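**Q** The structure follows.
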Amino acid sequence: MKKGKKLYEGKAKIIYATNDKNLVIQYFKDDATAFNNQKKTTIEGKGVLNNRISEHILSNLSQIGIKNHLVKRLNMREQIIKLVEIIPIEFIVRNVATGSITKRLGIEDGTVLKEPLIEYCLKDDKLGDPLISEEHIFAFDWASKVEIDKIKKMVLRINDFMIGMFRGVGIKLIDFKLEFGRTKIDGKNDVILADEISPDTCRLWDSITEKKLDKDRFRKDLGDLIPAYTEVAKRLGILHEQSNVSAVNVTKLSSVKRKKK
Ligand code: 5GP
């Protein structure tokens with residue numbers, strides 16, 4: 001597989017072409033952004049951890065029949081993924097109210113929702129990813145009814161699976177964001193899960209202490225983001241090192257791999 005030119009650079013990832021027109025390489029950066037890019041920094045080792053955690057979750061989802069774009073992880077920072085046309089909607093799933101919904105609707109932080117709540121946001125940084133309704137999606141042809149019905153089923157199945165997976169390792173899945181893309185499977189149009197699922201895109205709280213193990217550590221200036229992401233990776237059985245994986249260790253792992261190539 002040959003790495004070609006850069007096709008797209010987002011806030012946390014870069015997409016490169018390959019010599020196969022249906023496949024691209026997804027590179028996980030160390031950049032962290034929040035509040036629509038107003039807060040930015042680089043956190044050494046974040047990309048390595050997100051690459052591993054997202055690979056783990058997407059492979060597990062594949063095994064329960066959730067089609068997704070992951071083909072395989074290439075190295076510490078890169079994955080080969082299927083090229084899809086990203087649907088311009090962020091699908092937010094909430095099990096517990098926190099974050100934007102508490103401010104928007106005055107709901108008390110930490111309120112456990114009776115059922116998972118799906119929200120739609122338009123993927124548009126210039127507009128600040130505004131909340132939209134299903135009616136907006138159909139009115140402006142951002143996705144079809146068939147696509148949204150299929151995605152909603154997948155979203156709820158993904159939520160059920162991830163709640164169980166995280167509960168098993170002492171973590172509460174509070175909320176998360178998913179993206180989907182259009183592709184052709186056996187000549188037929190289909191929608192599959194795309195992007196990443198990681199502590200950058202989920203809210204994860206320790207089941208007992210409710211310690212935040214996700215990107216809120218950066219958003220809220222709580223510090224210790226790498227130890228928190230490392231804790232998630234270790235609990236999921238991804239990292240087996242006895243020692244604490246510090247930012248320095250993660251960077252070392254990353255550079256060892258690079259030298260080998
Ligand atoms: P909220 O709407 O409360 O800010 O976010 C809800 C959930 O979706 C959180 O888990 C958050 O991490 C995720 N999320 C929403 N929008 C984005 C986004 O643009 N980027 C990332 N990485 N996560 C997002």
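**Q** Here is a list of conditions, (1) in the same structural domain as LYS177 (by TED's automatic domain parsing); (2) touching a residue at least 12 places away in the same chain (Cβ under 8 Å), and ALA17 meets all of them except one; can you say which number that is?
**A** That leaves (1) as the condition not met.
**Q** Return yes or no: is ALA32 surrounded by 15 or more Cβ atoms within 10 Å (Cβ to Cβ), within 14 Å of the ligand (Cβ to nearest atom) and farther than 23 Å from GLY10 by Cβ? Reasoning before the result, please.
**A** Numbers: surrounded by 15 or more Cβ atoms within 10 Å (Cβ to Cβ): yes; within 14 Å of the ligand (Cβ to nearest atom): yes; farther than 23 Å from GLY10 by Cβ: no.
Spelling it out, it is not the case that ALA32 is surrounded by 15 or more Cβ atoms within 10 Å (Cβ to Cβ), within 14 Å of the ligand (Cβ to nearest atom) and farther than 23 Å from GLY10 by Cβ.
**Q** Answer with yes or no whether ASP125 is modelled with pLDDT under 95 and either farther than 18 Å from PHE176 by Cα or within 11 Å of the ligand (Cβ to nearest atom) (or both).
**A** Here the answer is yes, as ASP125 does meet what is asked.
**Q** For VAL112, only one of the following conditions fails: (1) in the same structural domain as ILE158 (by TED's automatic domain parsing); (2) open to solvent by 20 Å² or more (accessible area, probe 1.4 Å); (3) part of a helix (DSSP H, G or I). What is its number?
**A** Unmet condition: (3).
**Q** What tally of residues in the range 73-95 results from selecting those that are surrounded by fewer than 20 Cβ atoms within 10 Å (Cβ to Cβ) and of a type in the set (Val, Ile, Thr)?
**A** 2
**Q** Confirm whether VAL48 is modelled with pLDDT of 95 or more and under 15 Å from the mean Cα position of the chain (by Cα).
**A** Values: modelled with pLDDT of 95 or more: yes; under 15 Å from the mean Cα position of the chain (by Cα): yes.
The answer is yes for VAL48.
**Q** Criterion first (more than 16 Å from the ligand (Cβ to nearest atom) and within 20 Å of ILE53 (Cβ to Cβ)) does GLY164 satisfy it?
**A** Numbers: more than 16 Å from the ligand (Cβ to nearest atom): yes; within 20 Å of ILE53 (Cβ to Cβ): yes.
Yes.
**Q** Please count how many residues of the range 109-156 are touching a helix residue (DSSP H, G or I) at 6+ places or on another chain (Cβ under 7 Å) and without any contact (Cβ under 8 Å) to a residue 40 or more places away in the chain.
**A** Residues in the range 109-156 being touching a helix residue (DSSP H, G or I) at 6+ places or on another chain (Cβ under 7 Å) and without any contact (Cβ under 8 Å) to a residue 40 or more places away in the chain: 7 in total.
**Q** Show the residue pairs that are 6+ apart or on different chains and have beta-carbon atoms under 8 Å apart, the first residue being within the range 206-233 and basic (Lys, Arg), the second being assigned to a helix (DSSP H, G or I).
**A** LYS211/ALA228; LYS212/ALA228; LYS215/LEU225; ARG217/LEU225; ARG217/ALA228
**Q** Same structure, new question: Does the range 191-202 contain any residue that is open to solvent by less than 70 Å² (accessible area, probe 1.4 Å), more than 16 Å from the chain's Cα centre (by Cα) and within 30 Å of ILE80 (Cβ to Cβ)? Walk me through how you get there before you give the answer.
**A** Taking the range 191-202 and keeping what is open to solvent by less than 70 Å² (accessible area, probe 1.4 Å), we get 191-202.
Next, only the ones that are more than 16 Å from the chain's Cα centre (by Cα) stay: 191.
Restricting the remaining residues to those that are within 30 Å of ILE80 (Cβ to Cβ) gives 191.
Checking the range 191-202: at least one residue is open to solvent by less than 70 Å² (accessible area, probe 1.4 Å), more than 16 Å from the chain's Cα centre (by Cα) and within 30 Å of ILE80 (Cβ to Cβ).
The values are calculated or read from the model by the stated rules, or taken from the named source; none is laboratory data. Everything numeric here is computed off the predicted structure, so don't read it as measured data. No Cβ is skipped: glycine too gets one built from the backbone with ideal geometry, and neighbour counts run over all protein chains shown. Please note that ligands, DNA and RNA were not included when accessible areas were found on the heavy atoms of the full protein model with its side chains. Shrake-Rupley method; radii C 1.70, N 1.55, O 1.52, S 1.80 Å.
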